[in-house]
Amino acid sequence: MQDFGENIQQVHNDKLGRHLVAGMNIEPGDTLLEERPLLVTPHWECGQLKCAQCFQESYVICRRCQVYPLCMDCSQHDDFECDFFASGAGKGLCKDILVKNYGICGLLKLLLLLEDPATRPDCATLVETPVNLDDYRDGDGMWQEHEEQVVRPLMASGLVEVLSSQQLTCDSLHAHCIRIDSNAFEVTARDGDTLKGVFVCGASLPHNCVPNTVVALDEQFNMKLYAAVPLQTGDIIYNSYTNPLMGTSQRQHQLRLSRRLDCSCSRCLDPTEMGTHMSSMKCRECPQGYAVCEMDPDGRPGDWRCLECKASMSAANVHELLAEVGGALVEARGDLQVYESLLTQYKSMVHPNHFLLLDIKQNIASILRAAALMNSMEQPCKKLLARRVELCSDLLPICRAVVPGISKLYAIGLFEYLLALIELVELQFAESDLNKKEYGAQLRTASLVGKKAMDLLRFEPENSAEGYLSDRISMELERIESDLNKYGG
Ligand SMILES: [Zn+2]
Ligand SMILES: [Zn+2]
Ligand SMILES: [Zn+2]
Ligand SMILES: [Zn+2]
């Protein structure tokens, strides 16, 4: 399933359990781990049947087993799965078992991998991971979702009796669902839909909000993990399972929900979040100061204190404000004007880099981008294009700061900025707001931005979303080059 590079070693300690460390000094971009997914499956709640072979939309059912959906291009799927229902132990089960309860798809796959002696060893690491069910029972919606979509239909299907050697119970099925979820990465099918890919090794790397690796996933759902920064011998190999554009309180909340994890990485312990101030509040007592969350000696968040005048702000106050903005964001429902007024309203209360402002800015930028794509922008067009350039450029330093080294986040930020800038300056030149010389200078800036983005994507597989993004950027660069030849002198 997985292939370690020669440059890393597997070690064990009490805090992290089994984990990987650099076995020598490693350069950014060097491959550390390659892994094929144990299984790929639609999300539990996926309503659209997918081909069992290629994951395209399905319109037919396998003629042999009469259980698995297939597409027009595929006539067969996994032999063991097909045989199991066509002539094996599952022959007597209702043929609608999967089609009627499509949510069971992922777990059914795992159960049949466990049933097949040839693939059972591949699942060992996954199914041996202990799961404390009491952490999940009666928790958020996840338990309920598993119960309704997966566990109940499977228990009623008769499959559990057929797979009697696995001694399946409601609890053991729940534990499998949780193992699948916590070892899954979002992978993208060729039609753009997202699926879950379960990677036993890649998903078991310890978490750090400032990861030292990059995860690349190609169209065949193969994972490649490569170094984002130089690694020294003995450095622990980290992955990140959270969104770096979230503030510390948000990230920690998400990590607790999805992985039962309390992160105490360098970013989580730094109240300024690596100098970005992504969670800092504007002080209410002095004009220049920003208040940051003070940690107690155990690293637990306490009240907030201004870095300038030392005035304090109660944590309850901060949470109230954040909840208010969060609610207003949900209410905004994609309305450009509402987002702009929220931005004006909250700018005076938080740091300019605050994650909530970033969230609002990203929303505005994506609305403007979609509008530009559909050519539905009302006049004055240039004003909105200029706004998009401004927003994209605001996001860049933060994207750069939160993921050091080789960063897909920063590359994508640069690409968005490039597109916005090119559209604006082309229009400005066409309408004679820019002369040839000014246009040339802007194109040269754009070209540098594009090259920087390409450089960050150079270790991504060709047949991946990021690989195609590279192709796209190189097309833009060619266009810029030819315009520069024409006008740039
Ligand atoms: Zn297919
Ligand atoms: Zn079949
Ligand atoms: Zn952290
Ligand atoms: Zn102050």
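The values are calculated or read from the model by the stated rules, or taken from the named source; none is laboratory data. Just so it is clear, the structure is predicted and the values come from calculations on it, not from any experiment. Glycine gets a Cβ as well: all are built from the backbone with ideal geometry, and neighbour counts include every protein chain shown.
On inspection, R251 fails the criterion of being touching a residue at least 40 places away in the same chain (Cβ under 8 Å), under 17 Å from V40 (Cα atoms) and surrounded by 18 or more Cβ atoms within 10 Å (Cβ to Cβ).
For the stretch 275-310, filtered to residues that are surrounded by fewer than 17 Cβ atoms within 10 Å (Cβ to Cβ) and closer than 22 Å to D394 by Cα, the residue that is farthest from ligand 2 (Cβ to nearest atom) is Q288.
Condition test on Y59, is it of a type in the set (F, W, Y), closer than 21 Å to L195 by Cβ and in contact with a Phe, Trp or Tyr (Cβ under 9 Å, 6 or more places away or on another chain)? So Y59 fails the test.
The residue list A332, A370, A328 contains one member that is over 22 Å from V292 (Cα atoms), surrounded by 13 or more Cβ atoms within 10 Å (Cβ to Cβ) and at pLDDT below 90, which is A332. Give the residue, chosen from L269, L217, L231, L257, that is at pLDDT below 90 and away from ligand 1 (no atom under 16 Å from the Cβ). Step by step, each of L269, L217, L231, L257 is checked, and only L257 is at pLDDT below 90 and away from ligand 1 (no atom under 16 Å from the Cβ). Taking (1) within 16 Å of ligand 3 (Cβ to nearest atom); (2) more than 30 Å from E460 (Cα to Cα); (3) in contact with a Gly (Cβ under 7 Å, 6 or more places away or on another chain) in turn, E308 satisfies each apart from (1). Return yes when Q442 is modelled with pLDDT under 95, polar (S, T, N, Q) and not in a loop (DSSP other than H, G, I, E, B) and no when it is not. Judged against the criteria, Q442 is not a match. For the stretch 270-300, the set of residues classified as out of contact with any helix residue (DSSP H, G or I) (no Cβ under 9 Å at 6 or more places or on another chain) and among the aliphatic types (A, V, I, L, M) consists of V292 only. Considering the conditions (1) farther than 21 Å from L113 by Cβ; (2) surrounded by fewer than 18 Cβ atoms within 10 Å (Cβ to Cβ); (3) within 16 Å of ligand 1 (Cβ to nearest atom), I61 is excluded by exactly one of them, (2). Restricting attention to the stretch 66-79, the residues that are crowded, with 16+ Cβ neighbours inside 10 Å and away from ligand 1 (no atom under 14 Å from the Cβ) total 1. Counting only helices (runs of 4 or more DSSP H) that sit completely within the stretch 92-198, those holding 1 or more residues that are free of Cβ contacts under 8 Å to residues at least 40 places away in the same chain and surrounded by fewer than 19 Cβ atoms within 10 Å (Cβ to Cβ) correspond to 120-128, 141-146, 152-157, 159-162, 170-182.
Residue-level check: of (1) under 30 Å from P211 (Cα atoms); (2) in contact with a strand residue (DSSP E or B) (Cβ under 7 Å, 6 or more places away or on another chain); (3) free of Cβ contacts under 8 Å to residues at least 40 places away in the same chain, S279 misses just (3).
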